[in-house]
1. I need the per residue convex hull volume for segment 48-150, using only the alpha carbons, in cubic angstrom as a whole number.
2. How many percent of Cα pairs in the chain exceed 25 Å?
3. Within segment 3-84, which trypsin sites (Lys or Arg not before Pro) sit in a loop by DSSP and count at most 10 neighbouring Cβ atoms inside 10 Å?
4. Along segment 84-95, what does the Karplus equation 6.51 cos²θ - 1.76 cosθ + 1.60 (θ = phi - 60°) give for ³J(HN,Hα), rounded to whole Hz, x for Gly and Pro?
5. State the Cα centre-to-centre distance between segment 145-178 and segment 47-117 in whole Å.
6. At what distance in nm do the modelled label points of residue 201 and residue 150 sit from each other, each positioned 7 Å from its Cα along Cα→Cβ?
7. If you put +1 on each Lys and Arg Cβ and -1 on each Asp and Glu Cβ, how big is the dipole of segment 1-124 around its Cα centre, in Debye rounded to 20?
8. Stretch residue 126-residue 113 to full length: gain in nm at 0.36 nm per residue minus the Cα-Cα span?
Amino acid sequence: MAVGSSSLWHAPAPLLLASKSSARRRVLEAAAIPVETEAADIDERAIETQSGLTDPAAVAMLLARSKALAAAAHHPARLVLGADQTLALGERRFSKPADRAAAAAQLRALGGRSHHLHSAICLASEGRVLFAHCSVATLTMRALSEDMIDTYLDMVGPDALTSVGAYQIEGAGIHLFERVEGDHFTILGLPLLPLLDHLRREGWLVA
């Protein structure tokens with residue numbers, strides 16, 4: 001999206017999203033925010049391990065900050081947004097499943113229980129963090145039969161491997177749930193309203 005196509009946007013260049021997430025990009029584009037994407041070149045698991053952090057919200061914030069600052073270092077004149085999301089089931093934290101068997105195992109573990117999604121964002125420019133925020137949503141899955149798990153994984157195919165928990169609630173993943181508590185954008189991995197509020201206060205968006 002060109003900068004001039006959004007009369008709301010006052011920055012000289014599009015927002016740079018340090019993520020390859022198509023869901024996050026769609027959220028920003030739907031809000032008429034000009035956006036370009038460039039995945040941050042960081043080793044997330046190494047950063048997480050070296051930090052010693054175990055709290056899901058703290059891990060999400062650390063990774064969002066690391067992505068934003070890494071991308072901003074390569075684009076010093078740009079406004080950069082980093083984002084990360086963690087899934088916690090009690091004391092257990094999930095990563096993206098490596099294959100179909102791992103996706104099925106995650107769904108078995110989550111079925112019939114409530115888990116928490118922690119979504120963090122970090123806005124950076126010129127080597128500085130300008131804004132950071134983390135939101136949480138609580139989701140309760142239905143009790144899932146093996147037939148349902150197999151049918152769902154057949155339906156979504158490789159998409160099951162692109163998200164923690166093996167689901168995208170904005171698509172066929174909604175059939176897995178009986179209750180959702182929290183902001184929709186938090187579930188998609190980008191708490192949009194706090195971000196828009198900050199951008200307006202700083203003059204990047206029309207107030």
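Read-outs throughout are calculated quantities, based only on the coordinates presented, and are distinct from any laboratory measurement. What you are looking at is a predicted structure, and each value in this text was computed from that prediction instead of being measured. No Cβ is skipped: glycine too gets one built from the backbone with ideal geometry, and neighbour counts run over all protein chains shown.
1. Working: hull volume 11.8 nm³, N = 103.
Enclosed volume per residue, from the Cα hull, is 114 Å³.
2. The proportion of pairs with Cα distances above 25 Å equals 38 percent.
3. Working: sites: 20, 24, 25, 26, 45, 65, 67, 78; in loops: 20, 78.
Answer by residue number: there is no such site.
4. Values per residue, Gly and Pro as x: 8, 9, 10, 10, 10, 10, x, 8, 8, 10, 9, 10 Hz.
5. So the two Cα centres are separated by 19 Å.
6. Distance between the two pseudo-spin positions: 5.3 nm.
7. Numbers: 14 positive and 11 negative charges, 77 e Å.
That gives a dipole near 360 debye.
8. Roughly 0.4 nm would be gained on extension.
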